[in-house]
1. Does Trp147 satisfy the criteria of being aromatic (Phe, Trp, Tyr) and within 27 Å of Arg193 (Cα to Cα)?
2. Kindly indicate whether Asp240 is under 18 Å from the mean Cα position of the chain (by Cα) and in a helix (DSSP H, G or I).
3. Out of the stretch 142-181, which residues are among the basic types (Lys, Arg) and touching a Gly at 6+ places or on another chain (Cβ under 7 Å)?
4. Is there a residue being more than 15 Å from Arg39 (Cα to Cα) and out of contact with any strand residue (DSSP E or B) (no Cβ under 8 Å at 6 or more places or on another chain) anywhere in the stretch 129-138?
5. Which residue pairs have Cβ atoms closer than 9 Å, lie 6 or more positions apart in sequence or on different chains, and pair a first residue in the stretch 1-20 that is on the phi > 0 side of the Ramachandran plot and surrounded by fewer than 16 Cβ atoms within 10 Å (Cβ to Cβ) with a second residue that is outside any helix (DSSP H, G or I) and at pLDDT below 95?
6. Tell me whether the stretch 153-164 contains one or more residues that are out of contact with any Leu (no Cβ under 7 Å at 6 or more places or on another chain), among the small types (Gly, Ala, Ser), in the same structural domain as Arg40 (by TED's automatic domain parsing) and within 25 Å of Asp240 (Cβ to Cβ).
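The values are calculated or read from the model by the stated rules, or taken from the named source; none is laboratory data. All values reported here derive from a predicted model rather than from experimental measurement. Every residue, glycine among them, receives a Cβ derived from its backbone with ideal geometry; neighbour counts consider all protein chains shown.
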Amino acid sequence: MIAAGGREPVVIPYTPRPEQRRMHDMMDMSRFCVFVAHRRMGKTVAVVNHLVKAALSPPREGRPAHDRRYAYIGPLLNQTKDIAWAYLKRYTAPVPGVKANETELWVQLPGGHRIRIYGADRPDALRGLYLDGVVLDEVAQMKPEVWGEIVRPALADRRGFAVFIGTPKGPNLFHELYRRAENRRNWSRGLWRASETTALPPSELEDVRRELSENQYRQEFLCDFQAVADDVLIPLAMADEAARRVVPERELLWAEKAIGVDVARFGEDSSAICRRQGRVCHPLQVFRGIPTDALAERVAFAVREFAPDAVNVDGGGPGPGVIDLLRRWGYAVNDIQFGSRPLEPGRWHNKRAEMWGLVREWLRTGGALPAEDAELRADLCAPRFGFGADGHLLKLESKDRIKERGGRSPDRGDALALTFAVPVAPRRPEPAGASRGHIGLWD
């Protein structure tokens, strides 16, 4: 690849394959690009070279000629260094006068332009930056706030570009960006399956297919967002179908109403208020960094406005403070302990597993989710399940475990689950002949 560099062109030791060339064409054409690509396709090499080319090329209209800044951001700094740092040094090595800083992980090119490696696990290092261009690698493993609250504002002053790359991991920010990119101005998207590229020979693909589970192969090599881990409690297809579902308004007149409140435990977690009316989950209210008294006031307002039959508040962590205030103000509130005994102890390991199991049954039998709340769908599809030592009681993966494998706390999902914490009957009997028979989790 040839890029401008000072007075003479610079030849970079990189010849893109057809699929990589298509990526470059789209990156040259659009300000924002979302690329879904199978493992080992060469997407990292392609986007690193795009950053190098951008840094060596004359500035576009409205952008500074000197001291431009570019970033390559991955979920974890050490992991991102292993993936991208060697490529960055390799493809900038032919540039006269290039400097590399091994400690701060940046290279400086003629004109003072820098490309630096960052980790989304250290967001403070990203705050206050201005950026002319950025790559977000495996954005599915990053907290959505990294893009919305930190990176996107950093691109505003200089009208910088952004490239999102990764493989599917169910519903999350990456999935939502790919979906929305289809019809947005200045956005492009591409999807490359292993069966459609020249990156891996057919014999290797066949070996991989034999070694992986069907879901693993579909996710990692066929780029299938619908593929999920075999032990996910709520599949993406179920959540997506619920987001498209429309419940007749007349059905809501006599439907039971419940409010669920999940109270944030840590700084990066969110507090969420969910209002459910029969088969309809109304849009959630989500707050970050809200004090206990302010959250209690928001819940009190929701109770007055919604007039629910039950108000269920997570009683763990700082939850008791919210519960105490609401009760002091005269509101009837249920203190729900996630680790407490379930109503059906013969089926569930604890209360939290029971509530989430009931959410799954509700979705399967006609529950409707807010159409635009991709983060709620991501939360619902995050927890995995297992069984106790006796092989019967269903156990749900903890929030801490979800975070350990790169996810975020499913606060919205817990708020919806809390609306099922106590039985709430419809406000009038169902029509004669209607059946409310028990529905098994795996029916």
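1. It is true that Trp147 is aromatic (Phe, Trp, Tyr) and within 27 Å of Arg193 (Cα to Cα).
2. Judged against the criteria, Asp240 is a match.
3. Arg159
4. no
5. Listed by first residue and then by second, the contacts come to Gly6/Val95; Gly6/Pro96; Gly6/Gly97.
6. no
For every residue, the table says whether it meets (1) outside the structural domain of Pro168 (by TED's automatic domain parsing); (2) of a type in the set (Gly, Ala, Ser); (3) within 21 Å of Ala378 (Cα to Cα); (4) buried (at least 20 other Cβ atoms within 10 Å of the Cβ).
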| position | (1), (2), (3), (4) |
| --- | --- |
| Glu256 | yes, no, no, no |
| Gly260 | yes, yes, yes, yes |
| Ile273 | yes, no, yes, yes |
| Cys281 | yes, no, yes, yes |
| Arg288 | yes, no, yes, no |
| Ala294 | yes, yes, no, no |
| Ala300 | yes, yes, no, no |
| Val313 | yes, no, no, yes |
